1. Collect the residues in the stretch 50-95 that are part of a strand (DSSP E or B), of a type in the set (Phe, Trp, Tyr) and more than 22 Å from residue 207 (Cα to Cα), keeping them in residue-number order.
2. Suppose we filter 162, 141, 180 for residues that are out of contact with any helix residue (DSSP H, G or I) (no Cβ under 7 Å at 6 or more places or on another chain), within 27 Å of residue 245 (Cβ to Cβ) and of a type in the set (Asp, Glu); which single one remains?
3. Against the conditions (1) in contact with a Leu (Cβ under 8 Å, 6 or more places away or on another chain); (2) crowded, with 19+ Cβ neighbours inside 10 Å; (3) assigned by TED's automatic domain parsing to the domain that holds residue 221, where does residue 68 fall short? Just the number, please.
4. What pairs come out if I take residues in the stretch 123-141 that are over 23 Å from residue 188 (Cβ atoms) and pair them with residues that are assigned to a helix (DSSP H, G or I) whose C-beta lies under 8 Å away, six or more apart or interchain?
5. Of the residues 71, 97, which single one is at pLDDT below 95 and either under 25 Å from residue 240 (Cα atoms) or touching a Pro at 6+ places or on another chain (Cβ under 9 Å) (or both)?
6. Determine whether residue 56 is among the acidic types (Asp, Glu) and without any contact (Cβ under 8 Å) to a residue 24 or more places away in the chain.
7. Find the residue count for the stretch 142-172, including only residues that are within 16 Å of the chain's Cα centre (by Cα) and free of Cβ contacts under 8 Å to residues at least 60 places away in the same chain.
8. Which helices (runs of 4 or more DSSP H) sit wholly inside the stretch 137-197 and have at least 1 residues that are at pLDDT below 95 and outside the structural domain of residue 28 (by TED's automatic domain parsing)?
Amino acid sequence: MLLAAERDGELLAIAPFYRESGMVFFVGSGDSCYLDFVGDVETCGVLEALLHAARDACPDFVGFRFYGMPSGSPTCAQLGGAAAVAGLDCYRKREWSTWTLDLTNRPYADTMTRKKSLVRHENHFRRTGSLDVWHTHRGDEIAAELEAFFAQHVERRSATAEPSAYTKPAQRRFVERWVELAADTGWLRFTRVAWNARPIAYHLGNCYDGRYFWSKPTFAIDLARRSPGEVLLRQLLLAVLDEPAHTFDFGTGDDPFKARFAKADAAVVTWGLFPTSDAP
């Protein structure tokens, strides 16, 4: 349910929505750390118009659930007022911290790549065989690796309480389509770590406007005690220091390892918008 707000033929903003069981969400909900409207929602009436249009386009409308909206986004400041105009109550439902490493502090960032645990685990693999690291930005090369990446992610997550999203064909297709669309943009980042020619870790992420996003890592679960995931992380940090990037963004989630490398940054918020009890 892609909606656009225009004035006098000029595109002002886009609402990348989809709807399910009467609820309206941003495309990417559940799979993306940061979600928002695209464009100018501060212009008077734009946000209200998009909410009205979405509500009218959803015959069984129940409400909106906006996951992952950065707390500093102009949308957060506008949402309560726009919701009221649209006959909706607005609730701030949940908040998460994001974790970032400042790459502009180069001496500090360099020390992160030399943490003893990272180096120790990497040295084990180098001592016991050949360790090869491959990075690419090219969509066609990434597409050729996706099946192996999906399979390793599924196997790794099978040992946890949360199965991999890639057990679902729709989630695989989402990633395949993203790689296809972004193939030549220069935004994609993919890394494969191989030991004795066997892939033992992968990462699929993005780098945009100087911000490198830690997104989808995975590793060979049978080697977990040797921490191939830490080898992967070190190689990503080394690679990103060669980028014209200012931030390594670990996204949301309170995974303990993030606090070892990054600092809690601005929050992202989940909002719920539902019809007021006296709304017509």
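1. 64, 66, 91
2. 141
3. (3)
4. 124/226; 125/226; 125/228; 125/231; 131/122; 131/125; 131/231
5. 97
6. The answer is yes for residue 56.
7. 3
8. 146-157, 169-181
The values are calculated or read from the model by the stated rules, or taken from the named source; none is laboratory data. Small disclaimer: the values here were computed from a predicted structure and weren't measured. Methodologically, a virtual Cβ is constructed for each residue, glycine included, from the backbone with ideal geometry; neighbour enumeration extends over all protein chains shown.
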